[in-house]
Each structure stands twice: as structure tokens, then as C-alpha cells.
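Asker: Okay, here's the structure, questions in a sec.
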Amino acid sequence: MRCAYLSFQPFLDPLATGQTLASAAMLDAVSALADVVLVCLTPSDDLQETSRLLRQRFPAVCAVELVGYRPRVPRRTKLRYAFRCLPASLGALDSAEIRRVVAEIHRDRSIDVVHYDLMTWLHVHPDPSAPTVCSAHDCYSLAYRVKARFARGPVEWAGQLIKALAFERFERRYLRRADVVHMVSAEDVRYLRDRGIGGVLRAVNMPIEDRWLVSRRDGPPLGRNVLTSGFHSYPCYGTGLLRFLRGVWPPQAARFSDATLTVHSTHSTPDTEAAVRVAPRATLIGTVPDFASLFADHGFFAHPLLGGTGQKNRLAIALAQGACCLATDAAVSGMGLAPFEDYLPLGDLSERDAAVLGAALGDRELAATVAANGRRRIASEFSTTVVGKRLVDLYREAIELHVKPPC
């Protein structure tokens, strides 16, 4: 099977996070099982060197094709999309050159299936076209509705709701253009169907890179070092962290004299910084080159997230690295994890949840068991090998649906 994998992720960014890491792992997964042509949009002017580096990063792909583009959307284009009640971010793909390249790929008879790694690609999807699978890392309209619930004031609330409505308009209009839409969460699939947004929607986990499944280094027995990580400028992260620092952490810091908390914040705020300064034995750190340097020294990972959609890569990496994880319902949504087995559940991040953290810190056997269960779950359901096979199955389904459309 020959697949064209279309992406505009900054794969070569040394500090790549979020969707970039997820798309890279997905590309690793499918290129091990199919002949993959990577078609990547890039702002780089040195296409030859960029191609060499991408081949080095993804040695299993059979070819790399690069297309130059500028990710910044002009103001005039933003206004045009706003007038049409569509997301302005679509303008990044709206060029004659990108449309020409995408159309040529779909006309290439050697390509069996086209895989878009983000749903915004569907804006330039030609019709008729080759069998197509489109991955949606999360449901954007739902994500912005969740952000609106945590808005700090009516202006921010209105802005998030407008974005939600724009993306819902996009989802209604464009998701049907793909033969199969790959969602990473069954909850996102249910949301789209409940809103009457049709199409062939399939929930398949997003893989994590195999390097995260490598066993943690040998070291001392599980200590009481707790790590939390997030984009704390986002209210659903920042508010959750503040509640954790005020209600959950202090009682256990007082109970265990050797307990420490590391707050990894790529986007901190004055409120979160001030809260960390007054929290007992808590340390705030910024951007790090590799999450592995953090997890090697922390036996526990707390994810006090109050809202979100899709898959949480930080939590998946913590589980894969063998940390005992504590997480809210929002943090585990869509991942299919079993509470009290794969992770320990946190509620509203009040004093009641301090007992959950205390149980984990005070019972080494419990913590080790939960950590081992979580790591096994990630290895069995989120590895590139497992997810790659499921994605190739989606390719086959897309080919069948494209040849034999449903009645």
C-alpha cells in the first residue's frame, strides 16, 4: 500500500510539543507498515537541507516532497474568512501552489490513499479525489467551547465561543470530504454525532513515540517526588494548578517531609508563579529540551486539568515512563484508562483529593502497582506498532468506501 502523508507540522523543531509530537509518532507508525510519501509544507528556504533532515528523522518513509509556504495569515485573508464565519487559520493553506500540489497528489495513480494529519487540510481537499483519511487530534469546536467555560471575562468568553461556532461550521461543511475521519477520542466522536455532524468517524488512539516506552533508568526506590506539567496560561490548566497548590498539595507536604513538587510550566502566569513560590517545597521550572529528563527523577505525575478534549500527551508520556499518575476526569477523557488501576482519580481538586495524593505517597506498593498498570496500558494500546495497524485498517476502509460508496 502506498500512502501520501500530508503535514505542515514543524517536525524539526527541537522543542516540538503537542500536535507535532503526535503527528510525528503517527507518521512513524504508518511508515513502518506502508510505503509512505511525506508531503510537508515548510517555511524553510533551504528545501534540500530540510528534506535531508526529514529523511534522517523519518528513515522509514520512502520519499519526501516539500512545498514552501508562509504560516502567517494576512489580515485581509483573516477578514475574508471571518466574513464567511470560518476559522481564519484556514488561510494558511489557501494558496494556488498548495491547492495545485494537493490536487496532483490526488491524481497520482501510484497513491492508494491520502492521509491528512490535521482536519484543516480538508479545506483544500479536491473533489473527486483519491481515498482519504483525515486525522483530527481533537474536536476543535468542542475544545473552544470548553475554553469558553474557563474564560476570564465576557470578552474572552465571546471570543472562544465565536471560534467554536466557526469551527463547527467548518466541521459540518468539510468533514464529509474525507472517506474516513480519524478522531483520537470516542467522546469527540459522540459529540460530533450528537450535533448531527456526519461522515465516517472512527476513534483510534494517537500513538506516542517508541522512545517514551523505553524503561526508566535504574535508580533508587520510588521516592516522593511529584511532577506536574502544563500550559498554565490556559485557564483550564492554570485554574487546576492553583486549586492543586492550595487544596491538595499542602497537607501532604506537611505530612511527608521528603515530598517535593516540581511544576513544569511552558507558559506560566503571575498567579501561578506566585502560588508556586508560597507552596511548601515546590519548584517552578520552564521549558526543558526533553521531557525524559523530568520523568527520570519523578515517581509521581499529577495532572490537575479542569477541561479539555482529545488525548493528553503529557499524561500518556508520564504513564509510559512508569510514573504513578493522578489525574482529573478531564485529563483522562478519551484515553480509556481505568481509575484506581491505571491511574488514581482526582475530583474537584479540593482538600478531599489530598487524601488521594496521600494514599499514593504513603503506600509504595500501591504506587508501584498503579504505575506498572498504567505503563502496560500505554504499551499495549498507544505504541506505534499497535496504532499503526489500526491506522492502516482505516486506510483499507477508506479505499473500500471510496470504491464502493455506501447506499
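Asker: Restricting attention to region 245-286, which residues are crowded, with 20+ Cβ neighbours inside 10 Å and among the basic types (Lys, Arg)?
Answerer: none
Asker: When region 126-144 is examined, which residues are found to be at pLDDT 90 or above and either touching a His at 6+ places or on another chain (Cβ under 8 Å) or basic (Lys, Arg) (or both)?
Answerer: Within region 126-144, 126, 130, 131, 132, 133, 134, 135 qualify.
Asker: Just for helices (runs of 4 or more DSSP H) wholly inside region 335-407: which have at least 2 residues that are touching a helix residue (DSSP H, G or I) at 6+ places or on another chain (Cβ under 8 Å), among the β-branched types (Val, Ile, Thr) and surrounded by 20 or more Cβ atoms within 10 Å (Cβ to Cβ)?
Answerer: Qualifying helices (runs of 4 or more DSSP H): 364-381, 384-403.
Asker: Is region 110-123 home to any residue that is farther than 30 Å from residue 381 by Cα, free of Cβ contacts under 8 Å to residues at least 60 places away in the same chain, out of contact with any Lys or Arg (no Cβ under 7 Å at 6 or more places or on another chain) and assigned to a helix (DSSP H, G or I)?
Answerer: yes
Asker: Take the residues in region 54-80 that are in contact with a Pro (Cβ under 8 Å, 6 or more places away or on another chain) and without any contact (Cβ under 8 Å) to a residue 60 or more places away in the chain; name whichever of them is nearest to residue 26 (Cα to Cα).
Answerer: 68
Asker: Kindly evaluate residue 289 against the criterion of being surrounded by fewer than 21 Cβ atoms within 10 Å (Cβ to Cβ) and under 29 Å from residue 145 (Cβ atoms).
Answerer: no
Asker: Out of 4, 16, report the one residue that is under 19 Å from residue 206 (Cα atoms), at pLDDT below 95 and small (Gly, Ala, Ser).
Answerer: After applying the criteria, what remains is 16.
Asker: OK, next. Could you tell me how many of the residues in region 95-109 are surrounded by fewer than 16 Cβ atoms within 10 Å (Cβ to Cβ) and free of Cβ contacts under 8 Å to residues at least 40 places away in the same chain?
Answerer: Going through region 95-109 one residue at a time, the tally reaches 8.
The values are calculated or read from the model by the stated rules, or taken from the named source; none is laboratory data. Note that the structure is a prediction, hence the values are computed from the model and not measured. Cβ coordinates were reconstructed from backbone atoms using ideal geometry, including for glycine residues, and neighbour counts include every protein chain displayed.
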